[in-house]
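Structure, as structure tokens:
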Amino acid sequence: MSVFGKIMSSIFGKASATPAAPGAKPSSTATAAAPAGSAGEVDVAGILTQLAVEKKEKLDWQKSIVDLMKLLDLDSSLSARKELAQELQYSGDMNDSASMNVWLHKQVMRKLAENGGKVPEELKA
């Protein structure tokens, strides 16, 4: 599964009332199942905020891709973030991890919104 697929699965799986069909790809089915503005939208910020409350470590998931990945119990290493950057077609310098991380966080939030997630505007900008 792709890194972004793991992020989606971790978030959208927490909101699922019914399990997805085996082999279903969240990125292709979530948009059809829960278009933006529908009642079926997944409250991404709500889920992540609840997960943060349950963690002992204080994680700034609203700004940090590393903390977001840690919150979801995913590998947040530089190699995992570079893999995510390739998946999301990052065109910048992958050796400039600070710029890449900022771009990744915004892009992940945008992609979650495109796939049926309710994401506050300030997290996508």
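Computed quantities for the displayed model
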quantity: Nearby aspartates and glutamates by direct alpha-carbon distance to K118 (threshold 12 angstrom, same-chain neighbours under 8 apart not counted); calculated: E41, D43
quantity: Mean projected area (nm²) of the alpha-carbon convex hull when the range 56-108 is viewed from all directions; calculated: 3.5
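Taken together, the values in this text are just the output of simple stated rules run on the coordinates, not laboratory data. As the structure is a prediction and not an experimental result, all values here were calculated from the model.
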